[in-house]
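Participant: I am attaching a structure below and will ask some questions about it afterwards.
Read-outs throughout are calculated quantities, based only on the coordinates presented, and are distinct from any laboratory measurement. Since the model is a prediction, treat every value here as computed from it, not as a measurement. For neighbour counting, all protein chains shown are included, and Cβ atoms are generated from backbone atoms with ideal geometry for every residue, glycine included.
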């Protein structure tokens, strides 16, 4: 009896303790979710220099961020008495964050055709992807279908689940994802068949004007988003886009033909470059710029400061300034994707930025912190996992 | 050296070749094989506006003017035409390449140009062997595997390389359902001809082109056991233009082919061991009056070495002229392209190959390749 009473008291106390812990944990989690889904009201960030993604650098500088957007950019450092949540990064540099690509799993329906699916529903929701992107300097991800999908579904620019209650689309309805290449996993398919399947779907959509994603593609409200890492695939994509009069968004492009493109409605996302691809990357970027084709560069594994530092001689050979080089990774892809609020640190744009120790174009520089909508989401000194 | 550098980078290739054209207007050599009569000793070929303007004796031309290529010890031949090629069609690690669609057996709606890679180095590689035109075609895995195209081995954009599309429909004879598939398809196409409509599937439109004899049906077949007979029956029933690739056992049933005057494209193998003896198939079929071309079936063979393979056919009976005809004018005639290519005749495309020495000699190499009057390769 006595033992049982003691045991009962222990159990009751432990249950209460567990319940208290659960309650506290839920409260903390709720606060995190709440805090993540609602950016801080006013944030003040001071730093030694600012690259805004458009102009030459300035500094020292203070960013005033309200409700996740840049409200003002002031020269000099902020006063500690100014209301808001303060960050002072000393002589470190602030630069806009860039874009990366994220492959979403496409439905395995046996054909690799899934035009009416939305890739956001299968987007990578892992903290790992987000952290890898942040380490390299990218905070927004363009969804793309796995390379083996012929018609892979509708893409968007999004931010992964981590830190928010759900995958958040920042630019919905970008394009219908397409690959005009052979498929080497079952069911196998040659490039002939892939091209024919895409054409067939587009012919049907042109004739019947369906309400779904293919109808929107033909009406021009979605882009023809083609993964085109080879010359032949890029040329094929331009030919099909021209045949059907749709807007082409070519992603993962590494090379383009020397001759002027026979079609105007083309936008290009290059990359993501590895360090040994930099000379060719800037040759291609410059070639597209000369043809006035809207072009941006995606970030991959190599961190942005390293990319910029090592790119300098190749980009300079084409007459690009440092500001233009940074813009190629930030405001230019934002233009390509129609992401009006992203890619630059000027008034009314989203406060998505990198805090870099040292000079931006210095190979020794590191991405120390990453902010999205004025909230710190990454600190190199304190990795979350 | 230049060719070696150009062949390694598609982008560099396209850039440099755009700048490499020279204004060559007269080519002279010790012998000119026109493929329109006997070869001309000490002859010249004059070029104007991308076409052959005049061919004759050296004494008929002023060789002191600029723009002359003169090979006193060399020979000039028409551009080589490889009418069975899958070059540039790579990609499938299972080894079938992009030429063989495995998802379905009946695919006349497929277009080889959707898989052809004009930036692939094998284009320049073929050209360096004197091949100026190739018929690029789907593979042989399906009963009907798609449409082929005639392309010049110049450089992108693709639209400037394509000489004719479609140039034919590729099929095979060795599958048991061959007769039924063709009969059903062409029956539907014939019925569609009787009720003209703009809303017709591509497969039916292609079938109609076959029925009108605008394009040929090109069959991979002619193996032992008479498996070619169903296709011969279909060709008879629907009055098709029929061409046969390989035809390895056609020395056994050649009477059927002779009676129908069916052209044959032999290759990649030139010599066959049949019934304990070595047979030069091309020589045998030519001796029976058939129109025969030699082709590489790249990448089973190599387009670059088609001229060397044709030299092998000199064994057991082919003359130099016959071997050269098999890779030039015969190939052009088989695919009804001899209005433009295949011989050095005034008015035809200036597709010309200059050799450093006599054709079909082991030490002779290709010195210069001209396509459409523009130099595209120079050793």
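Participant: Rounded to a whole number, what is D in µm²/s for region A:277-385 from Stokes-Einstein with the Kirkwood radius over alpha-carbon pairs (4 °C, 1.567 mPa s)?
Facilitator: Translational D for this selection: 87 µm²/s.
Participant: Tell me the Rg and the Dmax, in Å, that the Cα atoms of the protein assembly as shown produce.
Facilitator: My reading of the Cα-based Rg and Dmax gives 33.0, 130 Å.
Participant: Turning to a different aspect of this structure: For region B:63-156, report the convex hull volume of the alpha-carbon atoms normalised per residue, in Å³, without decimals.
Facilitator: That works out to 123 Å³ per residue.
Participant: For region B:240-379, compute the orientation-averaged projected area of the C-alpha convex hull (one quarter of its surface), in nm².
Facilitator: 9.4 nm²
Participant: By DSSP, what percent of the beta bridges with both residues in the protein assembly as shown are antiparallel, rounded to the nearest 5?
Facilitator: In the protein assembly as shown, approximately 55 percent of DSSP beta bridges are antiparallel ones.
Participant: How big is D, in µm² s⁻¹, for region B:316-358 by Stokes-Einstein at 37 °C and 0.692 mPa s if Rh is the Kirkwood radius over C-alpha pairs?
Facilitator: 290 µm²/s
Participant: Evaluate the distance, in nm, between pseudo-label points positioned 7 Å from the Cα of residue A:277 and of residue B:287 along their respective Cα→Cβ axes.
Facilitator: The modelled label-to-label distance comes out at 5.8 nm.
Participant: Springs between alpha-carbon pairs under 10 angstrom, Gaussian network model over chain B: which of B:253, B:100, B:280 fluctuates most?
Facilitator: Of the options given, B:253 has the highest mean-square fluctuation.
Participant: Place the peptides A:275-288, A:197-210, B:145-158 in order of packing, highest mean first, counting for every residue the other Cβ atoms within 10 Å and averaging per peptide.
Facilitator: Details: A:275-288: 18.1, A:197-210: 16.4, B:145-158: 24.6.
Result, highest mean Cβ count within 10 Å first: B:145-158, A:275-288, A:197-210.
Participant: Could you please rank A:65, B:112, placing first whichever residue has the fewest other Cβ atoms within 10 Å of its Cβ?
Facilitator: A:65, B:112
Participant: Would you mind giving the mean number of other chain beta-carbons within 10 Å of the Cβ of each residue in B:107-117, as a whole number?
Facilitator: Counting Cβ atoms of other protein chains within 10 Å of each residue's Cβ and averaging gives 6.
Participant: Compute the distance in nm between two label points, each set 7 Å from the Cα along the Cα-to-Cβ direction, one at residue B:59 and one at residue B:260.
Facilitator: Placing both labels 7 Å along Cα→Cβ, they lie 5.1 nm apart.
Participant: Which angle between 0 and 90 degrees, to the nearest 10, do you get for helix B:202-211 versus the longest principal axis of chain B when only C-alpha atoms count?
Facilitator: 80 degrees
Participant: Still on this structure, please answer the following. Within 10 Å of each residue's Cβ, count the other Cβ atoms and sort B:40, A:70 from fewest upward. Please report the intermediate quantities before stating the final value.
Facilitator: On the way: B:40 20, A:70 23.
The fewest-first ordering by Cβ neighbours comes to B:40, A:70.
Participant: Given R₀ = 30 Å, what would the calculated FRET efficiency be for residue A:132 paired with residue A:91, taking r from the Cβ atoms and rounding to 0.05? Write down the numbers at each step before the final one.
Facilitator: On the way: r = 27 Å, r/R0 = 0.91.
For R0 = 30 Å, the calculated efficiency reads 0.65.
Participant: Is there a simple number for the mean count of other chain Cβ atoms within 10 Å of the Cβ of residues in A:179-191, and what is it?
Facilitator: Average neighbour count from other chains, rounded to a whole number: 6.
Participant: Please compute, for peptide A:230-238, the average count of beta-carbon atoms on other protein chains lying within 10 Å of each residue's beta-carbon.
Facilitator: Neighbouring Cβ atoms belonging to other protein chains average 5 per residue here.
Participant: Now, a different point. Taking R0 as 45 Å, what FRET efficiency do you get between residue A:309 and residue A:206 from their Cβ-Cβ distance, rounded to the nearest 0.05?
Facilitator: With a Förster radius of 45 Å, E is 0.40.
Participant: If r is the Cβ-Cβ distance from residue B:275 to residue B:239 and R0 is 30 Å, what FRET efficiency results, to the nearest 0.05?
Facilitator: After rounding, the FRET efficiency stands at 0.30.
Participant: Rg to Rh for region B:169-320: what is it, with Cα atoms only and Rh by Kirkwood?
Facilitator: Here the Rg-to-Rh quotient is 1.03.
Participant: Additional query: Rounded, prolate or oblate: which one fits region B:180-263, using the alpha carbon gyration tensor with axes a ≥ b ≥ c (rounded when a/c is under 1.5, else prolate when a/b beats b/c, else oblate)?
Facilitator: Taking the square roots of the gyration eigenvalues as a ≥ b ≥ c, region B:180-263 is prolate.
Participant: Could I ask something else about it? Counting only Cα atoms, I'd like the Rg/Rh figure for region B:328-379, Kirkwood definition for Rh.
Facilitator: Using Cα coordinates only, the ratio equals 1.02.
Participant: How far apart, in nanometres, would the label points at residue A:381 and residue B:223 be if each is projected 7 angstrom from Cα along the Cα-to-Cβ direction?
Facilitator: Going by the 7 Å Cα→Cβ label model, 7.3 nm.
Participant: Let me ask you something else. Given Cα positions, please report Rg to Rh for chain B, the hydrodynamic radius being the Kirkwood one.
Facilitator: Values: Rg = 20.8 Å, Rh = 21.2 Å.
The Rg/Rh ratio comes out at 0.98.
Participant: Computed over the Cα atoms of region A:316-357, what is the convex hull's projected area averaged over all directions, in nm²?
Facilitator: 3.7 nm²
Participant: Give me B:185, B:273 sorted ascending by neighbouring Cβ count inside 10 Å, so fewest comes first.
Facilitator: Neighbour counts put them in this order, fewest first: B:273, B:185.
Participant: Using just the C-alpha positions of region B:117-157 as equal point scatterers, what log10 of I(q)/I(0) does the Debye formula give at each q in 0.15 1/Å?
Facilitator: Here the Debye-derived log intensity ratios amount to -0.41.
Participant: Specify the residue with the greatest mean-square fluctuation among B:120, B:111, B:180, computed from a Gaussian network of chain B linking alpha-carbon atoms under 10 Å apart.
Facilitator: Answer for the Gaussian network model of chain B: B:180.
Participant: Compute the acute angle (0 to 90°) between the alpha-carbon long axis of helix B:10-20 and the principal axis of greatest extent of the alpha-carbon atoms of chain B; round to the nearest 10°.
Facilitator: The angle comes out at about 40 degrees.
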